[in-house]
Amino acid sequence: MSLNWIARREFLERLRDGRLYWAGGLVLVLLLTALAVGWAHQRDARAEQHAAQAMDYRDWLQQDKRHPHDAAHQGMHAFKPEAALAMMDPGINPYIGSTVWLQAHRQSEVKFNAAQDATGLQRFGNLSVGWILQVLGPLLVIVLGFNAFAGEREQGILRQTLSLGVPPLRLLGGKALALAVSLAVLLVPAAIIATIAVAVGAGPGERLDALLRLAAWAFGYAIYLGIFVFLVLGVSAASSTSRMAITVLLALWIGQAVMAPRVLSELSRAWFPSPTRLEFDQALNAERKAVSDEVWQKNFGTTERWGRDVPLSKWGLALQLDDQSSYAVYDRHYGRLWNTWERQQTVQEWSGLLLPILAIRSFSMGMAGTDFAHHRSFTTEAELHRRDIQDLMSKDLVAHADPLGDRHFAYQAPHELWATVPPFDYHPPGAGWALLHQARSLAVLCVALLLAVAFAAFATVRQRAL
């Protein structure tokens, strides 16, 4: 009895009892629906972002003659581009926002998150391809394979098969191959459609990178579902009845899909606590004031802002020094906050050894370009652009310092000054950068797969003919 013969028999059995048609068909319909909704959302979001970014820069260029400091307060907006694979896994984007106001004197946080004003239909759109594979994928494997060994044991078929001298590990290999083929029959057509959608939806110059990301993304999910193939077969082999097997497997599924993400999220916050909004603002403002006082005292001999000790001819220089002294303060505080969030994420990734959904969730968002690492890259670039605007405006004020001491506010910069500020042009990091940042999650998934294979092999070799 060869491995291929065992796999073929198992696959035909799933076709005969209808599980592959009904359970697999339902998951396939959900996948295609989520892909269509994600594609439509991404197309609309990209069109809106391109139009808004162009309109915002046009407004900046078309300013009348005005004081540069007034222009700095108007600022610009930076719109985070929608990643090509966001249609597969929107990640944190619906909750963390996509627009940064590049205002004077202060680093802004991202605003206008889609979850704030989401309609019922938009919330359905969050039923992404990634979520279906993470949550419903393991459930599909359970439905297809829970009785692979336990059912045959109840019917006496397993004992007869082993009495023919078939090695238990060959049985395991054949059943695993049958489950893998069953999943491939359902998922490969969906993967082909997704590849076409990503290739068509990718912007100019990003198609190759998007397809590389998609290939790595699909590889991660293949490992993830492989973990459950062997876990299901191992539990089935270790269970005396099919009822016991499906009870244990459903309990594991509920624990992983429903309870674990919330529990690990709270635990990671307990191990690496992040400050509240009030605590963060208080600490940031206190250090900003201390550093600013030091700069004013050193350069103007006073800590009183905009008083008589600082003539109007020095106000441009004062603005420049005040802004530049705050850059390092923002870097320290936001850097600490972001590092804390990344440590919390690391805890959840390592938990993927026992709860693979946490590792695949991180890997999926990372390769889709919708995780916090990509968000941090965008906000860092936006902040650097804000500082360029501030420095250019302050430099012009210093160059046109009021020689009379009473004309500071009367100065109006020409239109040419606005054109010295380039448009915000952000390009996300490439697939290699994303894969490097997700190497830990991928390694955790691979180790979890080896553990699942070892468990299934251990449970299978214990089967006896008598």
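For this structure, a couple of remarks:
- For segment 362-384, the count of residues that are closer than 26 Å to Val263 by Cα, basic (Lys, Arg) and touching a residue at least 12 places away in the same chain (Cβ under 8 Å) is at least one.
- Checking each residue in segment 155-168 for being surrounded by 13 or more Cβ atoms within 10 Å (Cβ to Cβ) and out of contact with any helix residue (DSSP H, G or I) (no Cβ under 6 Å at 6 or more places or on another chain) picks out Arg159, Thr161, Leu162, Val166, Pro167.
- Counting residues in segment 171-178 that are farther than 23 Å from Leu144 by Cβ and open to solvent by less than 20 Å² (accessible area, probe 1.4 Å) gives zero.
- Any hit, segment 239-254, residues being closer than 19 Å to Ala454 by Cα, of a type in the set (S, T, N, Q) and outside any helix (DSSP H, G or I): yes
- From the options Arg213, Arg207, residue that is of a type in the set (Lys, Arg) and within 19 Å of Leu133 (Cα to Cα): Arg213
- Residues of segment 296-336 that are without any contact (Cβ under 8 Å) to a residue 40 or more places away in the chain, open to solvent by less than 70 Å² (accessible area, probe 1.4 Å) and either part of a helix (DSSP H, G or I) or not hydrophobic (A, V, I, L, M, F, W, C) (or both): Trp296, Phe300, Gly301, Thr302, Thr303, Gly307, Ala318, Leu321, Ser325, Ala328, Gly335.
- Single residue of Glu279, Glu287 found to be over 18 Å from Leu384 (Cα atoms) and loosely packed, with under 12 Cβ neighbours inside 10 Å: Glu279
- Counting residues in segment 38-50 that are assigned to a strand (DSSP E or B) and open to solvent by 30 Å² or more (accessible area, probe 1.4 Å) gives zero.
- A single entry from Ile223, Ile246 fulfils the requirement of being farther than 26 Å from Gln438 by Cα and either in contact with a Phe, Trp or Tyr (Cβ under 6 Å, 6 or more places away or on another chain) or modelled with pLDDT of 95 or more (or both): Ile246.
- Residue satisfying all of: in segment 402-425; of a type in the set (Gly, Ala, Ser) and closer than 26 Å to Gln107 by Cα; most open to solvent (accessible area, probe 1.4 Å) among these: Ala419
- Residues of segment 304-317 classified as within 44 Å of the chain's Cα centre (by Cα) and under 14 Å from Phe409 (Cβ atoms), total: 2
- Of everything in segment 200-227 that is in a loop (DSSP other than H, G, I, E, B) and touching a residue at least 60 places away in the same chain (Cβ under 8 Å), the residue that is surrounded by the fewest Cβ atoms within 10 Å (Cβ to Cβ) is Gly203.
- Residue list for segment 87-110, restricted to those being more than 25 Å from Asp388 (Cβ to Cβ) and surrounded by 24 or more Cβ atoms within 10 Å (Cβ to Cβ): Met87, Met88, Asp89, Pro90, Gly91, Asn93
- Test: residue in segment 377-400 that is in a helix (DSSP H, G or I), open to solvent by 10 Å² or more (accessible area, probe 1.4 Å) and under 30 Å from Gly255 (Cα atoms): no
The values are calculated or read from the model by the stated rules, or taken from the named source; none is laboratory data. As the structure is a computational prediction, the values presented were derived from the model and not from experiment. Every residue, glycine among them, receives a Cβ derived from its backbone with ideal geometry; neighbour counts consider all protein chains shown. Surface areas here come from the heavy atoms of the whole protein model, side chains and all, with no ligands, DNA or RNA. Shrake-Rupley method; radii C 1.70, N 1.55, O 1.52, S 1.80 Å.
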